[in-house]
Amino acid sequence: MRYFFCLLFLLFSMCANALSNTDNILEELKTEISKKEKYEDAKEQRIKSIKASLGELSPTDYDARFDVWDKLYTEYKSYQFDSAYVYVDKMILLSKVTGNKPKEFHSYVKMAFILLSSGMFNETFDYLRKVNVNTLSNTDKVDYYFFLGRCNYDLANYNNDKYFSPNYIEAGNQSIDSAVAYCGSDQITRTYLLGLQGFQKKDFKEGRIRFTKLLEKDISISTHLRAMVSCSLGQINLEDNQSDEGLNLMIQSAIADIKSSTRENMALYSVAEILYKRGNIKDAYDFIQIAKSDADFYGARQRKIKIGAILPLIAAAELDNTEHQKNRFLIFLVIITVLALLVVFFLVMIAKQLKKLKVKEGIIEGKNTQLNHINGKLIEDARIKEEYIGQFFKAISGYIVKLENLKISIDAKLSMKKYDAIHTFVDQIDIKKERENLYYSFDHIFLKIFPNFITVFNSLFAEKDQIWPDEDEVLNTDLRIFALIRMGIADNETIAKILEYSVNTIYVYKMRIKAKSLHPEHFEQRIMDIKAFDYD
């Protein structure tokens, strides 16, 4: 029994580790998808740079133009069918015009690859039949037989029957044998081709050994080939009922496809299909949408057919999943609401048991806080009024004494009939001086109450627009207008009467100064926020 539990624990641990590994790789795939645009921007820049080099070539430098078109074809061949077709077609036309048969056959092999990638099998065979294999380089011979073999394999997979598919597989295997014969010292290509042949022969052991060898850390292969190898090895594991490892390899293949900006791919489609079958509908839906976008962008007809077959199923499952989530959310919301109501009910019941005195103390404390705030405002207003009433009572008393002295003096001169003296005496009364004294008194009292007014006022302006009184002034007219506003006199007509200006002039002053402030929309409120002296 003890051994049984140990074995069970070991199996559970292995499953947990496999799931954890898949989740980690899946997160890596999502991260790379977020960088997809960056990788493709880099590819577009490479293409742009190659195209720019065309402009530097002489129109009669056919070999150089052919080579540049070949480079552009290479960039586009797994990225966008239409563009790749344009450049390989140029290569074919140029080869025919110059009568260069080796380059013409080389171009036919290139054309065969993109036709095969687009799912046009008959056209692929047509172009390969045009090729005189004997004129090809060994590298092109490898490609020729590889494309011929892959075309047969893809046809076998497309037919997927017991009558014709075996013949296509056999033809494909023979082509791969020919491709291997021309590999020479290129062990990486040889290993890949033998792995592909083993996979098609259902010799999974042979295929797994070959492909695993290519994925070893000490083997340097291109990102695109890594994607192809991971995809093929993933298919072997999936068909050999090792679904977790198969899924992980497919995800790794999809990551490599994204990094190499390969739009002609099947890994992401396969990942979406597997996740759909496993019930991970959300990720499956996201991935199948990207796979569809890639197939549409490249122009891969066969891929679009396969994606079109499964996309409605995944979309329907996603819709159904969304509805289920919505229903679960509604149920959860109802449960939470009921629980919340129960909590509220019990809280109310508990609250009723609290001592009324404590409740009243809370109310009184709140009221006291409000009263303290109100009292503070009342004290401020009272002190401001106290200062102004005291000062102005003193000023008015002074004026009454002056008027009394004036009356006595005039009465005396009238009794003595000294009318000219009265006129001279009246002329000596300087109303302007009296008003200046009034302003001087107001300014001093105001700054006594608001000692920081001028500094705070000017902080509302840029340095070049600040308003400072002259050395012989306490406040100037601009400052005095807003001092009156801070005192609560906001009416333009009242300010105009106090300062002996027209209402329009006061309005213009206010608008001009306000427009120059840093925050015109809050200017008047900032004025009212200027604090009086400390009353503590």
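The values are calculated or read from the model by the stated rules, or taken from the named source; none is laboratory data. All values derive from a computational prediction rather than experimental measurement. No Cβ is skipped: glycine too gets one built from the backbone with ideal geometry, and neighbour counts run over all protein chains shown. Quick note on the areas: whole protein, heavy atoms, side chains included, nothing else; ligands and nucleic acids left out. Shrake-Rupley method; radii C 1.70, N 1.55, O 1.52, S 1.80 Å.
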Filter segment 194-217 for residues that are closer than 12 Å to VAL229 by Cβ and among the basic types (Lys, Arg); the one that is surrounded by the most Cβ atoms within 10 Å (Cβ to Cβ) is ARG210
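Can you tell me which residue among ALA490, ALA532 is touching a residue at least 60 places away in the same chain (Cβ under 8 Å) and surrounded by 12 or more Cβ atoms within 10 Å (Cβ to Cβ)?
Answer to the check: ALA532.
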- request: Please verify whether segment 449-467 includes one or more residues that are among the charged types (D, E, K, R) and more than 52 Å from the chain's Cα centre (by Cα).
  value: no
Discussion item. Take TYR501 and tell me if it is open to solvent by 30 Å² or more (accessible area, probe 1.4 Å) and at pLDDT below 85.
Written reply: no
Examine segment 282-294 for a residue that is crowded, with 16+ Cβ neighbours inside 10 Å, over 33 Å from the mean Cα position of the chain (by Cα) and not charged (D, E, K, R), and state whether such a residue exists.
no
When segment 267-304 is checked residue by residue, the ones that are of a type in the set (A, V, I, L, M) and in contact (Cβ under 8 Å) with a residue 40 or more places away in the chain are ALA267, VAL271, ALA272, ILE281, ILE290, ALA300
When segment 65-96 is checked residue by residue, the ones that are in a helix (DSSP H, G or I) and hydroxyl-bearing (Ser, Thr, Tyr) are TYR73, THR74, TYR76, SER83, TYR85, TYR87, SER95
Query raised in the report: Does ASP218 meet the test of being out of contact with any Lys or Arg (no Cβ under 7 Å at 6 or more places or on another chain) and without any contact (Cβ under 8 Å) to a residue 24 or more places away in the chain?
Result: yes
GLN235 meets each of (1) modelled with pLDDT under 95; (2) open to solvent by less than 60 Å² (accessible area, probe 1.4 Å); (3) closer than 18 Å to ASN152 by Cα with one exception, condition (1)
Q. Does segment 153-171 include one or more residues that are crowded, with 19+ Cβ neighbours inside 10 Å, of a type in the set (Gly, Ala, Ser) and closer than 21 Å to ILE209 by Cα?
A. no
